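Novice: Could you have a look at this structure, given as structure tokens, before my questions?
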Amino acid sequence: MPELPEVETVVRTLNQLVGGKRIQRVEVLLNRIIQRPVEPEQFTAALENQLIHRIERRGKFIRFILDEIVMVSHLRMEGRYGLHQEDEPIEKHTHVVFYFTDGTQLRYKDVRQFGTMHLFATGDELIMKPLHKLGLEPLDESFTYEVFHARIAHRSTKIKPLLLNQEFIVGLGNIYVDESLYRAGIFSERETNKLTELELRKLHTAIVVTLQAAVEAGGSSIKSYVNGQGEMGMFQQQLQVYGRKGEPCEECGSLIEKIVVGGRGTHYCPQCQPKEPS
């Protein structure tokens, strides 16, 4: 957590909250959050007087597009951004504060302290770590069935671990892989190169439909996720298998089961997602 829909929701919210604001100065309260440049003082100096033109997403990463540089941010488990007035007290676990010329502040809070921030010259962020090896963007127009099929058809691996591989396709975490495979009627341990043309088409559609529905619902607040305005996502109310072990499948009535695939807890319907195709 968060996965693609949650990050996309954060990005859309941040564009509304801080797009067009100019950074006056930055205060780093926990050095480990800053990964590039090495010295936090260089990080804060580079951001002074920079205008936030827009915020974009690449996989589960947030890209702040500034005048001459790009800040790449990863929320990890519990990182979150919030816009505050300057007279509001700074809460515990706030690690980076961006002071804007209009008197407001964007604060980064992270209880687990796993989040990261990198600075790059514009364009360099896409060819350097941590973005350089990221795979297909499932909500981009370029994510056609033909592209998906070319990348997936001959892989001799289980389908769920492949979908979780960020170098193959970005943004899909445990929740949305389980939901997509359920929607496509595919068991999570099926070998990818044995999936039929029809199954692959169903899976491609299921990935897009599932993610689009999750974005529209503001993501899933399974644990502590909220967007930049402190609002919870609501897609968890639409989950059909994830987190529903022992509950009846809404399609066939069979009880949802849970197993471990590739070290990850995996929910599925034994009737709708048979281990062996008929």
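Novice: What spacing in nm lies between the two simple spin-label points modelled at E141 and R201, each 7 Å away from Cα in the Cβ direction?
Specialist: Distance between the two pseudo-spin positions: 2.4 nm.
Novice: So which trypsin sites (Lys or Arg not before Pro) in the stretch 117-174 are both in a DSSP loop and have at most 14 other Cβ atoms within 10 Å of their Cβ?
Specialist: Of the trypsin sites (Lys or Arg not before Pro), the ones in loops of the stretch 117-174 whose Cβ has at most 14 other Cβ atoms within 10 Å are K133.
Novice: How high is the FRET efficiency from L29 to S254, r the C-beta distance, R0 51 Å, rounded to 0.05?
Specialist: About 0.50, to the nearest 0.05.
Novice: Another one. How much length would be gained if the chain were fully extended between Q113 and H53, taking 0.36 nm per residue of separation minus their Cα-Cα distance, in nm to one decimal?
Specialist: 18.9 nm
Novice: Report D for the stretch 1-102 in µm² per second (integer): Stokes-Einstein, Kirkwood Rh on Cα pairs, 10 °C, 1.306 mPa s.
Specialist: For the chosen part, D equals 112 µm²/s.
Novice: Neighbouring Cβ atoms within 10 Å as the yardstick, rank M117, M77 fewest first.
Specialist: M77, M117
Novice: Taking the Cα centre of the stretch 4-126 as origin, work out the dipole magnitude from +1 charges on Lys and Arg Cβ and -1 charges on Asp and Glu Cβ, in debye rounded to 20.
Specialist: It comes to approximately 440 debye.
Novice: Using only DSSP helix segments of four residues or longer, with each worth -39500 (n - 2.57), what per-residue ellipticity at 222 nm results for the chain after dividing by its residue count and rounding to 500?
Specialist: Using -39500 (n - 2.57) per qualifying helix, the result is -7500 deg cm²/dmol.
Novice: Moving on to the next point. How long are the semi-axes of the equivalent ellipsoid of the chain, defined as square roots of 5 times the Cα gyration tensor eigenvalues? Whole Å, largest first.
Specialist: Working through the eigenvalues yields semi-axes of 38, 20, 15 Å.
Novice: A further question follows. About the Cα centre of the stretch 145-268, what is the dipole size in debye to 20, counting +1 per Lys and Arg Cβ and -1 per Asp and Glu Cβ, all else neutral?
Specialist: Here the size comes out at about 340 debye.
Read the figures in this text as sums done on the coordinates, not as results from a lab. Being a predicted model, the structure only gives us computed values, none of them experimental. So basically every Cβ, Gly included, is an ideal-geometry build from the backbone, and we count neighbours across all protein chains shown.
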